[in-house]
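Contents: one structure, followed by commentary.
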């Protein structure tokens, strides 16, 4: 990256165009070079989709953005991941704060084996909740409405979250992420375990959430990427099995006039 | 051979065809049947072993006994002894035992201060002297009553035959005695409970904390791996080794503490309940840590990730999610350790549990005995009556263990969670 480019990026950061920016990021699992040299600025209040075949490192990159990879023994990152102009991998940054401000929704719905209410309130409580009971009730309702599941669960807030259907559980997980009011939400293949109707609901929900949140979504489903996202990043593994960013741009461009031959092949279903 | 039995009538060439299909299926089914029979027979062997054990124990625990007395109570008094006054009982005692013995009893505790029950007991023990002349097993008692009656009439003409359950209320509450008929496991049960209480007090918190550290905090480095390997191996070390360890450390080296001398307890040595509890704690700690780790590892990773993803610290994740979800498993492990400690004998013999003791323990600095040691002691004594009380003590031990396991299962089901 040239000095001029870097300057432009820094200006953009200052102006708040980019929510998160990966700069020359390499990710290692022990001695395995899992992701090679990814530079990826992610725009604020847009949906960015990561696509690519299995094992291409897109989930790894996603998990690097809120330091979830720290939980894997031997995982290491070179380069920078900027959030508000600050590298979240700097030694003085606490991953706990990063994860509070950059939330995550996982591939498999994973509600806690607690009531729906407690699922929502867990995040606020562990982060030092000081509100009243009435404020908590309000927050729960707001989070559940935000995740478009309020009407379905408002009469059973004190029943276990694990008793809901798969699609409802996933929306509960989204509501749980919303309750700590993050700026960015990372979504890892949220619909891979869901039926088409639940999938549609989640997609509509993400469209809604875009107004207030920056969303990064990993998906195997290219129709989904083209339907919901503003930007698309295409990843592929190279001959060393290391993931690489092949092409990144506005979704429409990627899907209609990809610059890279490999992107075109993947999009048109010729491999992957 | 016909090749048209395939559904579409086509021959594949590399799969059985025609009648071969049926023959092939028959062979496969036969192989399955053989294995099923093997699995079933191992179950049968196990059940037979269990049935034999139960049969032997129960056979020994119940049956006819021939009771005879030195003097018929009716010769002493024309009224039942229970209705006599204390003074009358003292007179009977004076008349029937030697003067020296009578003086000794008076010296131990003056007759004027003794209760009527105490004097009655002396009369029953010393004057009437009820004793078991012969004991019979349950099977023969049920099937060969006439033969038993004949034998008893011939050999013990004064004896009376009565059906006796060796396990009864007195057996559960009385202390040890050299006369099997009067012996009980009361102080052994109490001793076992004391030892278990100390063991659990130490092992449960240390085991859980250690398990949490190894599973949630320790990184995968050589010294943690070394510790892990050691723990796994220690769980398999013969228990007598722990006895020797306990003897060296707790009974000998730490005697001032384990005997209570440091806390002002006199006339005691290191062979106390405290030493036993500490030794048992060493013995079951590896088991407890392994069980706690298994339970913690069984908590789905997705729950931890969800918690971390919301900004929880490691401790918050452990406290709010890992421990509550691992609790049923940890409880199971706790009960397993408890059962192990309850039934363990060898280390306690090494550290010097008393085999003959009539006092009840009332502090951790007391000498003690436990149920398995009583069983061991009685089975090594000659005479069928000792065998009978050993069997009765085994029933006590088994029932206690069953109750403990039942509690564990109830607790586990109560805390069971859905993911």
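Computed from the C-alpha gyration tensor, the three semi-axes of the ellipsoid equivalent to region B:288-419 are 43, 16, 11 Å, from longest to shortest. Remark: spin-label model distance residue A:145-residue B:411 equals 4.6 nm, labels positioned 7 Å along the Cα→Cβ axis. A Förster radius of 51 Å combined with the Cβ-Cβ distance from residue B:355 to residue A:163 puts the calculated FRET efficiency at roughly 0.35.
With a 10 Å cut-off between alpha carbons and a GNM built on chain B, which of B:28, B:314, B:174 moves the most? Comparing B:28, B:314, B:174 in the GNM, the peak value goes to B:28. Each Cα pair under 8 Å and six or more residues apart adds its sequence gap; the mean of these over the residue count of region B:178-270 is a relative contact order of 12 percent. Taking the longest Cα principal axis of chain B as reference, the axis of helix B:384-415 is set at about 40 degrees.
What do you get for Rg/Rh of chain B when both radii come from the Cα atoms and Rh is the Kirkwood radius?
With Rg and the Kirkwood Rh in hand, the quotient comes to 1.15.
Taking every DSSP bridge with both residues inside chain A, close to 60 percent are antiparallel.
Under the criterion of Cα pairs below 8 Å and six or more residues apart, the relative contact order for region B:186-415 equals 29 percent. Stokes-Einstein diffusion of region B:63-164 at 20 °C, 1.002 mPa s viscosity, Kirkwood radius from Cα pairs, rounded to a whole number: 140 µm²/s. Multiplying the residue separation of residue A:155 and residue A:239 by 0.36 nm and subtracting their alpha-carbon distance yields 24.9 nm. Between B:183, B:292, B:51, find the one with the highest GNM mean-square fluctuation for chain B; connect C-alpha pairs within less than 10 Å. For chain B, modelled as a Gaussian network with Cα springs under 10 Å, the answer is B:51. Tilt of helix B:273-297 relative to the longest C-alpha principal axis of chain B, in degrees (0 to 90, nearest 10)? Roughly 20 degrees between the two axes. Mean partner shielding of peptide A:102-108, defined as the number of other chain Cβ atoms within 10 Å of each residue Cβ, is 3.
Each label point was placed 7 Å from the Cα along the Cα-to-Cβ direction; for residue B:106 and residue B:91 their separation is 1.7 nm. Here r is the Cβ-Cβ distance between residue B:14 and residue B:36 and R0 is 25 Å; the resulting FRET efficiency, rounded to 0.05, is 0.30.
The angle separating the long axis of helix B:186-212 from the principal Cα axis of greatest extent in chain B is about 30 degrees. Expressed per residue, the C-alpha convex hull volume of region B:186-415 stands at 139 Å³.
Annotation: average projected area of the protein assembly as shown is 52.2 square nanometres, based on the convex hull of Cα atoms across all directions. Here the Debye sum runs over all C-alpha atoms of region A:3-267 as equal scatterers in vacuum, and log10 of I(q)/I(0) at q = 0.11 Å⁻¹ comes out as -0.61. Applying 1/(1 + (r/R0)^6) with R0 = 56 Å to the Cβ-Cβ distance of residue B:78 and residue B:44, what FRET efficiency is obtained, to the nearest 0.05? Step by step, r from the Cβ atoms, then E = 0.35. Residues within the reach of a label modelled at residue B:252 (point 7 angstrom out along Cα to beta-carbon, backbone nitrogen below 15 Å), restricted to region B:258-288, are B:270-271.
How much of the DSSP beta bridge set in the protein assembly as shown is antiparallel, as a percent to the nearest 5? Close to 65 percent. Note on chain A: GNM, Cα springs under 10 Å; of A:84, A:220, A:26, the largest mean-square fluctuation is that of A:84.
Our summary of shape: the Cα atoms of region A:59-145 have principal axis extents of 45, 28, 22 Å, ordered from largest down, in whole angstrom.
For region A:148-272, the share of DSSP beta bridges that are antiparallel, to the nearest 5, is 60%.
Normalised by the number of residues in chain A, the mean separation of alpha-carbon contacts (under 8 Å, six or more apart) gives a relative contact order of 26 percent. When each of B:94, B:304 is scored by the number of other beta-carbon atoms lying within 10 Å, the sequence from fewest to most is B:94, B:304.
Throughout, read-outs are computed from the coordinates displayed, never taken from laboratory work. On a predicted model such as this, the values are computed, not experimentally measured, just so you know. FYI the Cβ positions are ideal-geometry reconstructions off the backbone, even for glycines, and counts take in every protein chain you see.
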